[in-house]
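Single-structure report; data block below.
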Amino acid sequence: MATYTALTTVSGAECAESLGEAMERLVPAPTGVGVFEVEDDSGLWEVGGYFLERPDEIALALLASAFEAKDFAVSRVDDRDWVAQVRRELHPVEAGRFTVYGDHDSHRVGPNRIGLRIEAAMAFGTGHHATTRGSLMLFDRLLREGHRPRRVADIGCGTGVLAMAAAKALRVPCVATDIDQVAADTVRANVAANDLGPWVRTGRAAGVRHLHYRNAAPFDLVFANILASPLKRLATDISGQLTVGGNAILAGLLTQQAIGVRRVFEGHGFALRDRIRLGDWTSLNMRRIRWRP
């Protein structure tokens, strides 16, 4: 089965993030959207999407014009070529006590490390992006402080790496869902590959109102590595699912967006416990200190 990529570059992190959000509303919708800084000090950012059918190139041209981006380059990608490319380009990533690796790199996981095996697939959250690394590092800090959550949720889980980190480190029940079907299928495969089936419940869901969450709540730890706008919209629901004293690790935030997300969560009974900045991205750990008013 062939897939398609649509890639462009644009100046500035905020513009790139906005373009990525706009791409998610295309019809046909992409199965995933990525926003990455071009590491050549040019100030350019790459914005790309993966599609299961050829994207609407007129709509892409209009988006490029609206955001003053380069014309999108649309390419057909064979599945086998995609997997080979991922295997070539992805190397193990260390974050705290965790090592995220592809199945071809299992021999590179060091002793006394918690290895998280990620299959080559079309879903984001492999550990290479600063948002995933920042989330893992914040979680590692919680563990070092002696925090031991008993129930964990991973909202918008991508590959499921955050839920799997909690399951491997703590052997506690975790729920991992994503609105995207490709991501939901990917996390199911990754959970099986890591022998975490008894601990991680997976599925496709938007937000935290799905039965998966209602049946497992309340949670002591919630991961939400998504985007600033949906995080603000989910603040009420996350507050309602999290125990007092529990933690919400929030990521997918450009540093200039982090203060806005922080203030929204503070209005729902949270206080900042910790944060990590990696490049242009900031991850927050917000502790719930009271019931929301």
Worksheet entry | Sorted peptide list for 218-225, 60-67, criterion being average Cβ within 10 angstrom, highest first | 218-225, 60-67
Item to complete: Round to a whole angstrom and tell me the spacing of the C-alpha centers of the stretch 145-164 and the stretch 224-293.
Response: 15 Å
Worksheet entry | Listed peptides 53-59, 231-237 by packing density, highest first (mean Cβ within 10 Å) | 231-237, 53-59
Item to complete: With a point put 7 Å past each Cα toward its Cβ, work out how far L62 is from R113 in nm, to one decimal.
Response: 4.7 nm
Worksheet, complete the sentence: Where a ≥ b ≥ c are root eigenvalues of the Cα gyration tensor, a/c under 1.5 meaning rounded, otherwise prolate if a/b exceeds b/c and oblate otherwise, the stretch 2-84 counts as oblate
Discussion item. At 0.36 nm per residue, and after removing the present C-alpha to C-alpha distance, how many nm does the segment from K70 to A22 gain when stretched out fully?
Written reply: 15.7 nm
Worksheet item: If you take the charge dipole of the stretch 2-84 about its Cα centre, with +1 on Lys and Arg Cβ and -1 on Asp and Glu Cβ, which of A73, T8, P55 is farthest toward its positive end?
Response: P55
Worksheet item: Mind ordering 181-193, 163-175 by average Cβ neighbours within 10 Å, highest first?
Response: 163-175, 181-193
Worksheet item: Where does the charge balance sit around R144 when Lys and Arg score +1, Asp and Glu -1, over other residues with C-beta under 14 Å from its C-beta?
Response: +1
Item to complete: With r as the distance between the Cβ atoms of V77 and I179 and R0 = 35 Å, compute the FRET efficiency 1/(1 + (r/R0)^6) and round to 0.05.
Response: 0.95
Worksheet entry | Gyration tensor verdict on the stretch 165-259 (Cα atoms; rounded if a/c is under 1.5, prolate if a/b is larger than b/c, oblate otherwise) | prolate
Discussion item. Using only DSSP helix segments of four residues or longer, with each worth -39500 (n - 2.57), what per-residue ellipticity at 222 nm results for the chain after dividing by its residue count and rounding to 500?
Written reply: -10500 deg cm²/dmol
Practice prompt. Taking the Cβ of A29 as the centre, find all other residues whose Cβ is under 12 Å away and add up their charges (Lys, Arg: +1; Asp, Glu: -1).
Written response: -3
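Values quoted throughout were computed directly from the atomic coordinates according to the rules given, and no laboratory measurement underlies them. Model, not experiment: these values are computed from the prediction. Methodologically, a virtual Cβ is constructed for each residue, glycine included, from the backbone with ideal geometry; neighbour enumeration extends over all protein chains shown.
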